[in-house]
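Chemist: Pasting a structure here, questions to come.
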Amino acid sequence: MATEILQKLNDNTVYLAYITLDRMMQYEEFMEFVEESKYPVSWCAVCTENGISTAETENKNVEPYFRADNLGFQCVPDHSSMLHWDREKYPHLVLWDESEYGTDAWYDLEEYVKKESYMQEHFVSMLRYMAEQEKFLALMEGKNSSALMAEVFLSAADYVEQNGLMVYGCVAIADKETILQMNENAAVYEIYVEELR
């Protein structure tokens with residue numbers, strides 16, 4: 001049925017393909033999958049709380065479970081920033097920091113993004129950085145919820161530091177033909193598609 005729906009996509013349109021994998025993959029395994037398949041993946045979704053017991057689950061004797069928080073990161077270094085930040089506190093906050101690497105470090109950076117240790121540090125830095133952006137969180141979540149959102153980011157950072165990067169999904173920018181190929185891959189469980197605008 002999914003193939004029939006995907007067959008109806010427009011041949012001349014570019015889509016965002018939200019891909020759920022058939023299982024969680026360690027980050028480096030995921031990057032091998034992307035490289036071998038040559039899929040145009042740009043972002044990956046990371047497990048940030050699988051099996052974490054909370055006070056709520058402990059009180060009700062509920063088994064820990066996986067809940068997707070839609071937290072992840074770009075897994076390709078396709079942009080830079082001249083943002084100033086505490087580089088000791090948030091190492092690799094921006095993947096391609098032109099002031100640190102210069103413009104000639106692109107090929108080295110392409111190798112760095114394949115390494116879990118490098119990307120784990122990047123993702124944890126992003127999560128901890130976001131947790132401290134009080135004005136932004138208040139704007140996005142409202143004053144009453146901003147502390148809760150900060151806690152989500154901090155809890156996710158702690159989890160990733162302890163458990164590494166486990167990828168359960170990704171986003172690709174692709175045409176109909178590529179999406180149909182992805183749909184046939186045994187590692188792909190499900191694809192949701194929307195037109196890139």
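The values are calculated or read from the model by the stated rules, or taken from the named source; none is laboratory data. All figures in this text were calculated on a predicted structure; none of them were measured in a lab. Backbone-built Cβ (ideal geometry, glycine too); neighbour counts: all protein chains shown. Protein only, heavy atoms only, side chains kept; ligands, DNA and RNA dropped before computing areas. Shrake-Rupley method; radii C 1.70, N 1.55, O 1.52, S 1.80 Å.
Chemist: Just to be sure I understand the filter: pairs with C-beta atoms under 8 Å, separated by 6 or more residues or on different chains, first member in segment 126-142 and small (Gly, Ala, Ser), second member in a helix (DSSP H, G or I) and surrounded by fewer than 17 Cβ atoms within 10 Å (Cβ to Cβ). Which pairs pass?
Modeler: Hits for this filter: Ala131/Glu151; Ala131/Leu154.
Chemist: Could you tell me whether Glu116 is touching an Asp or Glu at 6+ places or on another chain (Cβ under 6 Å) and at pLDDT 95 or above?
Modeler: Details: touching an Asp or Glu at 6+ places or on another chain (Cβ under 6 Å): yes; at pLDDT 95 or above: yes.
Against the criterion (touching an Asp or Glu at 6+ places or on another chain (Cβ under 6 Å) and at pLDDT 95 or above), Glu116 qualifies.
Chemist: How about segment 5-30: which of its residues are open to solvent by less than 30 Å² (accessible area, probe 1.4 Å) and either modelled with pLDDT under 95 or closer than 21 Å to Ala186 by Cβ (or both)?
Modeler: Selection gives Leu6, Ala17, Ile19, Leu21, Met25, Tyr27, Phe30.
Chemist: Assess whether Ser42 counts as being surrounded by 13 or more Cβ atoms within 10 Å (Cβ to Cβ), at pLDDT below 95, over 16 Å from the mean Cα position of the chain (by Cα) and within 23 Å of Lys114 (Cα to Cα).
Modeler: Working: surrounded by 13 or more Cβ atoms within 10 Å (Cβ to Cβ): yes; at pLDDT below 95: yes; over 16 Å from the mean Cα position of the chain (by Cα): no; within 23 Å of Lys114 (Cα to Cα): yes.
Against the criterion (surrounded by 13 or more Cβ atoms within 10 Å (Cβ to Cβ), at pLDDT below 95, over 16 Å from the mean Cα position of the chain (by Cα) and within 23 Å of Lys114 (Cα to Cα)), Ser42 does not qualify.
Chemist: Kindly indicate which of Phe33, Phe66, Phe73 is on the phi < 0 side of the Ramachandran plot, open to solvent by less than 30 Å² (accessible area, probe 1.4 Å) and modelled with pLDDT under 95.
Modeler: Numbers: Phe33 fails: modelled with pLDDT under 95; Phe66 fails: open to solvent by less than 30 Å² (accessible area, probe 1.4 Å).
Every option except Phe73 fails the conditions.
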